[in-house]
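Worksheet: the structure to be examined is printed underneath.
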2 protein chains.
Amino acid sequence: MSSSRNGHPNAKLAPKAVVGRVSLYLRQLETLQLQGLDKISSRQLGEPFGIKNAQVRKDLAFFGQFGHPGIGYHVDALISVLREILGVDKDWPLALVGLGNLGRALLKYRGFRSRRFHIVAIFDNDPRKIGQEFGGMIVEPIEALRKSIASHKTSLALLCVPAESAQQVADLMVAGGIRGILNFAPAPLSVPSHVNVAAVDLSIQLENLAYKVQKTQEGVSYGG
Amino acid sequence: MSSSRNGHPNAKLAPKAVVGRVSLYLRQLETLQLQGLDKISSRQLGEPFGIKNAQVRKDLAFFGQFGHPGIGYHVDALISVLREILGVDKDWPLALVGLGNLGRALLKYRGFRSRRFHIVAIFDNDPRKIGQEFGGMIVEPIEALRKSIASHKTSLALLCVPAESAQQVADLMVAGGIRGILNFAPAPLSVPSHVNVAAVDLSIQLENLAYKVQKTQEGVSYGG
């Protein structure tokens, strides 16, 4: 346990929604640090995301006691401890499988690097792509995945292959020792319980928006 | 109200998590319809996503009474009613702003078209891109956005510009009449309350995975 962390670090796995919001607080803290602030209130932490201060306090309390009554939070200290909690105080090598449009977009996605996620190896099954250079790396055949995961000690992978080959590639990832898969393929994956999958299904997010837009156009008020 | 819908359609806006799961049930129903099934249980609906049957029943009950005791759900009827509820029983034109790597990947993303989301106009501020053809459309300058939204009756937009111009483009979208924005820029947006924003921050999803992988590597069990 970090000496900078007070109170009762929670041994339980935090719910996804809490971790997601803590990621947002961390971004806001980093923005304010750049602006030179050294203290911050829970209201300021949640405001840009429309999150109420009571929710901010509750979310942070899941991990420990960080605030000081009448003072707020120390920006630098809270950044350090939240980075440590989220695991982004160290580098995470990533394997990327599938160099279609989305895979190539992810290769250049600046948001990963700024959070210490680094794509270290890229794979495809297209003979025209294997051996080519993308983003400073040579595309390897899918068959090389297992060995590469071991040599780079890769825990996380980006799955950007078509739906029909997603499960097969996920199986290879799991066999190689991958512990977390960010799945861009529009297909559910079956993995052992020690492996975590986060699905990025963009059409689901659009459906959610379409539902809200349709509902508000029908003149139904929020919160009913 | 649809004559095919029984019971008590809920006038309230369903929580995002419920709508997200209903989108998943709809996908599973469509898969099973292709396989020729005509009836399905709540267990079968949730199983591929690890969702318990009690949760499936509770989610669907938010919108009405669709199941039949001892029989389950009629696949065709439930597909129709869920499509209507989600608003995906009709076409949704989309505006796409920002033709970087991600924008171009979205242009080819098959998952949108299969859900009746169609990109109808594309915009960029790069003079080298304006006037060029991408995906069968001519890139228009950002200044043309407002007029284009009105002429295509576009309610939904994909925002794929860098963080520093995201708010400015969002303002133009809102001024043009956009009601829902899928935001890929790593920046929070400030919009009026009648406009919905869904943020796609891929590094947040990776942080969530990293957190879980780190937690499980520490040997802490799920559910504590």
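The values are calculated or read from the model by the stated rules, or taken from the named source; none is laboratory data. Remember, predicted model here, so these are calculated numbers, not experimental data. Every residue, glycine among them, receives a Cβ derived from its backbone with ideal geometry; neighbour counts consider all protein chains shown. Please note that ligands, DNA and RNA were not included when accessible areas were found on the heavy atoms of the full protein model with its side chains. Shrake-Rupley method; radii C 1.70, N 1.55, O 1.52, S 1.80 Å.
How about the stretch A:121-207: which strands (runs of 3 or more DSSP E) wholly inside it have at least 1 residues that are acidic (Asp, Glu) and open to solvent by less than 30 Å² (accessible area, probe 1.4 Å)?
none
Looking at residue B:78, is it open to solvent by less than 10 Å² (accessible area, probe 1.4 Å), of a type in the set (A, V, I, L, M, F, W, C) and in a helix (DSSP H, G or I)?
yes
Report, ordered by the first and then the second residue, all pairs with beta carbons closer than 7 Å, sequence separation of six or more or different chains, a first member in the stretch B:22-51 that is in a strand (DSSP E or B), and a second member that is surrounded by fewer than 14 Cβ atoms within 10 Å (Cβ to Cβ).
B:39/B:71
Restricting to the stretch A:41-75, give me the number of residues that are open to solvent by less than 20 Å² (accessible area, probe 1.4 Å), under 25 Å from residue B:197 (Cβ atoms) and small (Gly, Ala, Ser).
Total meeting the criteria: 2.
Could we say that residue B:136 is within 19 Å of residue A:102 (Cα to Cα), away from chain A (no Cβ under 13 Å) and at pLDDT below 95 here?
yes
Output the residue which, of all residues in the stretch B:185-219 that are modelled with pLDDT of 90 or more and under 21 Å from residue B:19 (Cα atoms), is nearest to the other protein chains (Cβ to nearest Cβ).
B:196
Quick check on my filter: what residues within the stretch A:160-174 are in contact with a helix residue (DSSP H, G or I) (Cβ under 6 Å, 6 or more places away or on another chain) and of a type in the set (A, V, I, L, M)?
A:161, A:172, listed by residue number.
Taking the stretch B:71-87 as the search range and keeping residues that are within 11 Å of chain A (Cβ to nearest Cβ) and in contact (Cβ under 8 Å) with a residue 60 or more places away in the chain, which one is nearest to residue B:159 (Cα to Cα)?
B:86
Quick check on residue B:222: is it touching a helix residue (DSSP H, G or I) at 6+ places or on another chain (Cβ under 9 Å), outside any helix (DSSP H, G or I), aromatic (Phe, Trp, Tyr) and at pLDDT below 90?
It is true that residue B:222 is touching a helix residue (DSSP H, G or I) at 6+ places or on another chain (Cβ under 9 Å), outside any helix (DSSP H, G or I), aromatic (Phe, Trp, Tyr) and at pLDDT below 90.
Could you go through the stretch A:101-117 and let me know if any residue there is among the basic types (Lys, Arg) and modelled with pLDDT of 95 or more.
Scanning the stretch A:101-117, I find no residue that is among the basic types (Lys, Arg) and modelled with pLDDT of 95 or more, so the answer is no.
Please state which of the following conditions residue A:16 fails to meet, knowing it meets all the rest: (1) open to solvent by 40 Å² or more (accessible area, probe 1.4 Å); (2) at pLDDT 85 or above; (3) within 29 Å of residue B:193 (Cβ to Cβ).
(2) is the only condition that residue A:16 fails.
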